[in-house]
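A.B. asks: Sharing a structure here in structure tokens format.
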Amino acid sequence: MIDWGQIGYGAALSAALAAFLLALLVRGRRRAVTVTGALAAAAGPIAWNAILHTAHGEHFFTDAPVAVFPVSWQDTGSAVFTLAAAALAYGLGPLATQPTRTSIRHALLAAAAALLVDVYLY
């Protein structure tokens, strides 16, 4: 079972990777966009893993039998929660006046960061 220290560690790593990817790949590199994505990449895994922790969802931590991409339901949930958090945050925040595809593109970068961190780093 995942403990609160691991949850915090994973969220911090997800936020750092999301900030790096957004700063690297986003045109204009607005600080608000990078910070929003990083916060969503931390909030998504915290929310999802808090649910698993509270509900004793240890069966969600079973990795797929694919050596190069051993994703689990827990990893996928972190990415989905991050995608939702980032899409809402961007759509209501710094990208509210931009086309939806711009918000979603940014949200996907944050979600990818959360997924990669969960799969490979903890």
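A.B. asks: Of all the accessible heavy-atom surface of the chain, with the other protein chains kept in place and a 1.4 Å probe, what percent is carbon and sulfur?
C.D. replies: On the way: 4680 of 6650 Å².
After summing per-atom areas, the C and S share lands at 70 percent.
A.B. asks: On a 0 to 90° scale, report how tilted helix 4-25 is relative to the longest principal axis of the chain, with both axes built from alpha carbons and the result rounded to the nearest 10.
C.D. replies: Computed tilt is about 30 degrees.
A.B. asks: While we're looking at this one, here's another question. Considering the zone a paramagnetic label at Leu24 would reach in this model (a point 7 Å from Cα along the Cα-to-Cβ line), which residues of the stretch 85-122 have amide N under 17 Å from it?
C.D. replies: Backbone N within reach: 106-121.
A.B. asks: Per DSSP H run of n ≥ 4, the term is -39500 (n - 2.57); total these for the chain, divide by its residue number, and report the mean residue ellipticity at 222 nm rounded to 500 deg cm²/dmol. Write down the numbers at each step before the final one.
C.D. replies: Values: 4 runs with 88 residues, N = 122.
Calculated mean residue ellipticity at 222 nm is -25000 deg cm²/dmol.
A.B. asks: Another question, then. How far, in degrees from 0 to 90, does helix 100-120 lean away from the longest principal axis of the Cα atoms of the chain, to the nearest 10?
C.D. replies: 30
A.B. asks: Multiply the residue separation of Ile51 and Asp63 by 0.36 nm, subtract the distance between their alpha-carbon atoms, and state the gained length in nm to one decimal. Write down the numbers at each step before the final one.
C.D. replies: Values: separation 12, 0.36 × 12 = 4.32 nm, distance 1.86 nm.
Once the chain is fully extended between Ile51 and Asp63, it gains 2.5 nm.
A.B. asks: For Val119, what is the net charge nearby, where nearby means another residue's Cβ is under 14 Å from its Cβ and Lys, Arg count +1, Asp, Glu -1?
C.D. replies: Numbers: positive: none; negative: Asp63, Asp75, Asp118.
Overall, the nearby charge balance is -3.
A.B. asks: Compute the length gained on full extension between Leu88 and Ala16: take 0.36 nm times their separation in residues and subtract their Cα-Cα distance, giving the result in nm to one decimal.
C.D. replies: 23.9 nm
A.B. asks: Please compute the length gained on full extension between Trp73 and Ala96, using 0.36 nm multiplied by the number of residues separating them and subtracting their Cα-Cα distance.
C.D. replies: Numbers: separation 23, 0.36 × 23 = 8.28 nm, distance 3.11 nm.
Working it through step by step, the gained length comes to 5.2 nm.
A.B. asks: I need the Kirkwood Rh of the stretch 1-86: take the reciprocal of the average 1/r across all distinct C-alpha pairs and report it in angstrom. All intermediate terms of the calculation are to be shown ahead of the outcome.
C.D. replies: Working: mean 1/r = 0.0743 Å⁻¹.
The Cα-based Kirkwood calculation yields 13.5 Å.
A.B. asks: How far is helix 31-55 tilted, in degrees, relative to the longest principal axis of the Cα atoms in the chain, given as a value from 0 to 90 rounded to the nearest 10?
C.D. replies: Between the helix axis and the principal axis of the chain, the angle is about 20 degrees.
A.B. asks: At 1.4 Å probe radius, can you tell me the per residue accessible area of the chain in Å²? Walk me through the numbers on the way to the answer.
C.D. replies: Numbers: 6650 Å² over 122 residues.
For the chain, the per-residue accessible area is 54 Å².
The values are calculated or read from the model by the stated rules, or taken from the named source; none is laboratory data. Treat the numbers as computed from the prediction; the structure is a model and nothing was measured. Heads up, the Cβs are rebuilt from the backbone with ideal geometry, glycines too, and the neighbour counts pull from every protein chain shown. What goes into the accessible areas is simple: the full protein's heavy atoms, side chains included, and nothing from ligands, DNA or RNA. Shrake-Rupley method; radii C 1.70, N 1.55, O 1.52, S 1.80 Å.
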